[in-house]
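Bear in mind that the values in this text are calculations on the coordinates, not laboratory data. Predicted, not measured: the structure shown is a model, and the values here were computed from it. Cβ atoms come from the backbone with ideal geometry, glycine included; neighbour counts cover every protein chain shown.
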Amino acid sequence: MGGRLAALSLAGLFAVLAVSASADGPGPFDNGFEGDALGGWNIDYAADFVDVVVAQNSQEFPIYGEFRPPVTVNPFLGTYMLRMGTPKKDNETQNRGINRISQEFQPTSTSIFVALRLFSLDHRGDDTLRINLKRADGSDVLSDNKFDFGQGTVCQAPCSKTIDVGKQKDVIATPWQSLKFSKLDTTETYTLTIELEAGQNESLAS
């Protein structure tokens, strides 16, 4: 794949978004996590946990052991990823509010890839995922493809999509997926923003 790749994993069931680093190291689009640091990313809001982590499984968060087979969340590339939120079991409390990261950059190629995965227990439609890439003039860049929540909801950036797993006790647990943004101007500045908002329902995390 051409271009830089930022790997984001909305990982950790239920109020979680994660981002991992590119194997080719920091650059003008700075993934930055391989040094166990945020690199070029900014934490704009952190209502819950937002930080760099390594692979995680049921030893850290029992919810991962309830899948069949049990889930281990590995970074898309490298050793580290950024997780937004805390993996919760059903009816465990999540913190309300916005978890948001952003990065301003000038691309070194005409395409970038953003890899994400999403976990959620929310069947009430209270949590929201937002993804956008903006030019310096504030206009949006449309992603070439869509991020599929797996329950009939897709997010083609720019997007603001309600997370709804379906019925009570259902879950969303997507694999890694890559959103592609192309036809970028290497002389222009862009800002990529990823936001996970926990709404009114504290008991069903995303």
Quiz item: When you count, for each residue, the other Cβ atoms within 10 Å and take the mean per peptide, how do 69-81, 149-161 rank with the highest first?
Solution: 69-81, 149-161
Exercise. Quick one: which residues, 5+ away or cross-chain, put their amide H under 5 Å from the amide H of Ile163? H built at 1.01 Å from N.
Key: Asp127, Thr128, Leu129
Quiz item: Cβ under 11 Å from Leu142's Cβ, Leu142 left aside: what net charge do those residues give with Lys, Arg +1 and Asp, Glu -1?
Solution: +1
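I want the local charge near Val52. Using Cβ-Cβ distances under 12 Å, sum +1 for each Lys or Arg and -1 for each Asp or Glu among the other residues.
-2
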Quiz prompt | Ordering of 130-139, 187-196 by packing [mean C-beta count within 10 Å, highest first] | solution = 187-196, 130-139
Quiz item: Tally Lys and Arg at +1 and Asp and Glu at -1 over the other residues with C-beta under 10 Å from the C-beta of Thr174: what net charge comes out?
Solution: 0
